[in-house]
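Reviewing the structure listed below.
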Amino acid sequence: MASSSSYNSPCAACKFLRRKCMPGCIFAPYFPPEEPQKFANVHKIFGASNVTKLLNELLPHQREDAVNSLAYEAEARVRDPVYGCVGAISFLQRQVQRLQKELDAANADLIRFACNEIPTALPAPPGVSSIQPMAPRQRPVEFSRRMGNEGDAFYQPSAYSHPYILPWSDNPSGDTNDGGGEGNNM
């Protein structure tokens, strides 16, 4: 990038600091005059002196990434002074967890519906009684049998094992909250 001083317009940093933008200005390639708020946020959070020191310590090919990171963190800190980027990351992680739970529940429903459809999709051979499909949210007796003293652990035949938690519960009301903690009711 060319220095903004060649266009007779100081970079955003020099303009903000009210100083003359010299041809070798360290800020000029990274804070163009068209983006004054970018430097204002960085200056407010980190200070111009600290940013100058940081840029001088870095190799020239690393500076642009450093300035972009500083600008992102500074904008996040201006929006959320307490958490900054961490607040945005936490929000996105909670959203990913919620969507993963929804996906797991949808996959469990698909498996349950697929298991219910298999007997009805294949015609029964003559002389053999047809197997009636299970109603949704109904478990086979073998699946409901508890194992020993292991609390809520269910017996699952090896041919019907799932790598995720199934969405239904033991209580007849269909409420999925097991009573532990405060739970989210969405």
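The values are calculated or read from the model by the stated rules, or taken from the named source; none is laboratory data. Not measured: the values here are computed from a predicted model. We place every Cβ from the backbone using ideal geometry, glycine too, and count neighbours over all the protein chains shown. Accessible surface is based on the protein model in full, side chains and every heavy atom, while ligands, DNA and RNA are left aside. Shrake-Rupley method; radii C 1.70, N 1.55, O 1.52, S 1.80 Å.
Would you confirm, using the coordinates I've provided, whether residue 138 is at pLDDT 95 or above and open to solvent by 60 Å² or more (accessible area, probe 1.4 Å)?
No: the conditions fail for residue 138.
If we scan the range 88-105, do we find a residue that is surrounded by 13 or more Cβ atoms within 10 Å (Cβ to Cβ), within 30 Å of residue 29 (Cα to Cα) and at pLDDT below 90?
There is at least one residue in the range 88-105 that is surrounded by 13 or more Cβ atoms within 10 Å (Cβ to Cβ), within 30 Å of residue 29 (Cα to Cα) and at pLDDT below 90.
For the range 39-65, how many residues meet the condition of being open to solvent by less than 80 Å² (accessible area, probe 1.4 Å) and not aliphatic (A, V, I, L, M)?
9
What is the one condition in (1) modelled with pLDDT under 95; (2) open to solvent by 90 Å² or more (accessible area, probe 1.4 Å) that residue 36 does not satisfy?
Failing condition for residue 36: (2).
So residue 60 passes all but one of these: (1) under 23 Å from residue 88 (Cα atoms); (2) without any contact (Cβ under 8 Å) to a residue 12 or more places away in the chain. Which condition number does it fail?
Unmet for residue 60, out of (1) under 23 Å from residue 88 (Cα atoms); (2) without any contact (Cβ under 8 Å) to a residue 12 or more places away in the chain: (1).
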